[in-house]
1. If the cut-off is 17 Å between C-alpha atoms, which aspartates and glutamates fall inside it for Lys112, apart from same-chain ones fewer than 8 positions away?
2. What nm distance separates the two modelled labels at Glu39 and Thr362, each placed 7 Å from Cα along Cα→Cβ?
3. For Lys74 and Ala371, what is the calculated FRET efficiency with R₀ set at 56 Å and r taken between the beta-carbons, to the nearest 0.05?
4. Step through the residues of segment 209-223 one at a time and calculate ³J(HN,Hα) from phi using the Karplus curve (6.51 cos²θ - 1.76 cosθ + 1.60, θ = phi - 60°), rounding each to whole Hz and writing x for Gly and Pro.
Amino acid sequence: MTQAAVLDDDSWISKSNWHRIDGMTGSDQDKLSLRYLDEFVGDLTCSAQMLAWGLFPDAKEVTETMGVFNAIRKLGLHEKDTATPDGMLDGIVVVGDGVTPRTAAMFAYRTKGWTCYSVDPIMKVSTDHDKVPWDGVLANVVSVCDKIENIRIRLRKAIVVLVHAHVTIEQAMCAIDATEIIAVLTLPCCNWYGRQEQCFGRQPDLVYDDLSILSVHREVRLWMTRPGKLHAAKLVSLGGCVEKAYKPPVVKDSTVASDFLALVLQQSAPSAPSTVEHMAAFCAQHFQRDWRVGVIGRQDELVHALSRLGFTAIDSIEAEDDISTLTWHVLLDCGNLHRALNRTDKTKSGNLVGHLCQRWQTWLVDAPGAAVVILSSRRMLRSRKFLNR
C-alpha cells in the first residue's frame, strides 16, 4: 500500500499535545545546545567516576539525566526544610532508569539528605557471582531490578522522576507511599506522550522543550504540590528552554486512513470453521443476543453461526456506504485486519491501525459493554498494550 508512506511512523501515538508558545515548529537541530555536556565534562567532579562505572552509554543519556536534574535544581525542589524523623526517609524515585542507576546517581552525588531509588526491570544489580562496581559506594542509592508496579516504597517526602519510562504516571504513583509528594517530573518518549498527560487530576504546571537534551524526545513536564515554588522564568531564562502550552488534539481523517479501511473491508478470504465457531461462542458468552452486531467484511459463515446462537440484528459491513447512520453494540473483525496488514508497509502499520480503531470506536453505540473484537495471530495485535495506545 504505497500511499501509506506519506504518514510518519506511529505519529498518532507519539505526538505531544503541548506546543511551543513561540510558534516555532520543525527541526531544532540548529538550536541545540551542548551546555549539559560542557557542565558534565568540565564542572562535575563526579563525572569521571560515573563514566568509569559505565553508568552512561552515550551523550544522549548524559543530557537526559542532566536535564531532569536541572529542572529539579533550578526550582529548588530538592532543598530540605526540616529534619527527617527517625525511620522515615525522603526519597527521589527514578522510574525507568535503564540498566544502570545513572539518574539516581546524579541526584545522589548532587543533593543532600535524599535517598535515591533507581527502578527498572532491566537494572543491573549485584549477585553472589557478579558485583556491579557502584554497589556499596553510593550509600544513598538504592537500585531495584523490578517493574515499578511490583514494589512499594514508603517515604516522608518524595520527588518522582520518569525519564523515558514506559509506564503511566498512575502506575508509578501507586508504588509510592509518601506523606508528601513534592513534585512529579516526566520526560516522555515513544508512544507515552498521551499516557503521561495528567497527575493529581490535572495537567502539568510547566511544560517546556529543553534544547540541551540531545534527543528528539526532550519535552519536560512538571507537576508540583507547592505552586508557590514554581518560577518558570528560572528555567526558560536560562536559554535553550522553550515553554509550551496545551492544545487539545484534533482527530483528522485522511485519504490514507480511508483507503486502508476500504482494504480491510474488501478482504474476502473465508475463515476456518473452527475459528468462526470460536468467535461466535465468544460473542454468545460476552454479549446480549438482542444487541446489534456489525461484521467487518463479508463473513457469511460467521453471520450464520451468530444467527444459530440467537443473535437477531447482524449487519455485514462491506463498504463505507453500509455504515450510513447505523451504530453497533459490537464490531467483529474475523481476520480482515490481519489479512490487510499482509499488504501494508509494516513500518506504517501502527499508524494505520490506530486510525482504524479510532474510526471503529465512532461506530459503536454509547453504552456499557460496547466493544470491538479483533481476531488475529499477529504479535502486535495480540498485545493489549499496542491497542491501548
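Read-outs: derived from the displayed coordinates by stated rules, not from any lab. From a predicted model like this one, the values you see are computed outputs, not experimental measurements. With ideal geometry, Cβ positions are generated from the backbone for all residues, glycine too; neighbour counts draw on all protein chains shown.
1. Glu79, Asp81, Asp86, Asp90
2. Placing both labels 7 Å along Cα→Cβ, they lie 4.5 nm apart.
3. 0.75
4. 8, 9, 6, 8, 8, 8, 8, 5, 9, 10, 7, 9, 10, 9, 10
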